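Read the structure below first, then the notes.
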Amino acid sequence: QVQLVESGGGLVQPGGSLRLSCAASGSIFSINAMGWYRQAPGKQRELVALIDSGGSTNYADSVKGRFTISKDNAKNTVYLQMNSLNPDDTADYCCDADVRRTPCTNQRDYWGQGTQVTVSS
């Protein structure tokens, strides 16, 4: 099995910052990509940021210039640094990893339980 554990969410004032972490553990041969999605009430889940095995990144237009995704390959951990937060960033943030468990199995997605981010004064 593969487990993804997120941390770092919480309540922050507009203009503030938070850093989310997501650590993958378990039976992992390789990770192709890791990313963050968010789910806000009444809205569709959206991709926030993605980083692949080569370090290439992709961001939602709404967070470009404010959020930065990074990773520590040795720790199978991905981070999301969120700056200049505003109320529209309020959501449950979910970590996703595209994992191959053995050399002979296909990649599949694994998800964490999510961490809540609330931006409010």
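Here are the criteria: (1) within 18 Å of residue 110 (Cα to Cα); (2) of a type in the set (Asp, Glu); (3) open to solvent by 30 Å² or more (accessible area, probe 1.4 Å). Tell me which single one residue 6 does not satisfy.
For residue 6, the failing item is (3).
Given the conditions (1) open to solvent by 60 Å² or more (accessible area, probe 1.4 Å); (2) closer than 26 Å to residue 108 by Cβ; (3) modelled with pLDDT of 95 or more, report the number of the one that residue 64 does not fulfil.
So the condition that residue 64 fails would be (2).
Look through segment 18-48, keep the residues that are open to solvent by less than 60 Å² (accessible area, probe 1.4 Å), in contact with a Ser or Thr (Cβ under 8 Å, 6 or more places away or on another chain) and outside any strand (DSSP E or B), and return whichever of them is farthest from residue 5 (Cα to Cα).
Within segment 18-48, the match that is farthest from residue 5 (Cα to Cα) is 40.
Return yes when residue 64 is closer than 20 Å to residue 83 by Cα and either in a loop (DSSP other than H, G, I, E, B) or hydrophobic (A, V, I, L, M, F, W, C) (or both) and no when it is not.
Criteria met by residue 64.
Name every residue in segment 49-61 that is outside any strand (DSSP E or B) and either touching a Phe, Trp or Tyr at 6+ places or on another chain (Cβ under 8 Å) or of a type in the set (A, V, I, L, M) (or both), in order of residue number. Give the derivation first.
Step one: list which residues in segment 49-61 are outside any strand (DSSP E or B), which gives 53-56, 60-61.
Residue satisfying the conditions is 60 alone.
Looking only at segment 91-121, filter to residues that are open to solvent by 70 Å² or more (accessible area, probe 1.4 Å) and not in a strand (DSSP E or B); which one of those is farthest from residue 15 (Cα to Cα)?
Taking segment 91-121 and keeping what is open to solvent by 70 Å² or more (accessible area, probe 1.4 Å), we get 100-101, 103-104, 106-109, 111, 113, 116, 121.
Going one step further and asking which of them are not in a strand (DSSP E or B), we end up with 101, 103-104, 106-107, 113, 121.
On the way: 101: 40, 103: 44, 104: 46, 106: 42, 107: 38, 113: 26, 121: 10 Å.
Looking at residues that are open to solvent by 70 Å² or more (accessible area, probe 1.4 Å) and not in a strand (DSSP E or B), I get 104.
Between a residue in segment 64-75 that is without any contact (Cβ under 8 Å) to a residue 24 or more places away in the chain and any residue that is outside any strand (DSSP E or B) and open to solvent by less than 90 Å² (accessible area, probe 1.4 Å), which pairs come within a Cβ distance under 6 Å, given they are 6 or more apart or on different chains?
66/83; 66/84
When residues of segment 49-58 are filtered for being open to solvent by less than 50 Å² (accessible area, probe 1.4 Å) and over 16 Å from residue 4 (Cα atoms), how many remain? First the steps, then the outcome.
At the first step, the residues of segment 49-58 found to be open to solvent by less than 50 Å² (accessible area, probe 1.4 Å) are 49, 51, 55.
Going one step further and asking which of them are over 16 Å from residue 4 (Cα atoms), we end up with 49, 55.
Summing the residues that are open to solvent by less than 50 Å² (accessible area, probe 1.4 Å) and over 16 Å from residue 4 (Cα atoms) in segment 49-58 gives 2.
I need the full set of residues from segment 70-90 which are out of contact with any Pro (no Cβ under 8 Å at 6 or more places or on another chain) and either hydroxyl-bearing (Ser, Thr, Tyr) or surrounded by 15 or more Cβ atoms within 10 Å (Cβ to Cβ) (or both), in order please. Break it down into steps so the answer makes sense when it comes.
First, pick out the residues of segment 70-90 that are out of contact with any Pro (no Cβ under 8 Å at 6 or more places or on another chain): 70-84, 88-90.
Once the filter is applied, which keeps residues that are out of contact with any Pro (no Cβ under 8 Å at 6 or more places or on another chain) and either hydroxyl-bearing (Ser, Thr, Tyr) or surrounded by 15 or more Cβ atoms within 10 Å (Cβ to Cβ) (or both), segment 70-90 yields 70, 71, 76, 77, 78, 79, 80, 81, 82, 84, 89, 90.
The values are calculated or read from the model by the stated rules, or taken from the named source; none is laboratory data. In this text the structure is predicted, and so the values were computed from the model without any measurement. Ideal geometry is used to build each Cβ from the backbone, glycine not excepted, and the neighbour counts take in all protein chains shown. Ligands, DNA and RNA are excluded from the accessible area calculation, which covers all protein heavy atoms including side chains. Shrake-Rupley method; radii C 1.70, N 1.55, O 1.52, S 1.80 Å.
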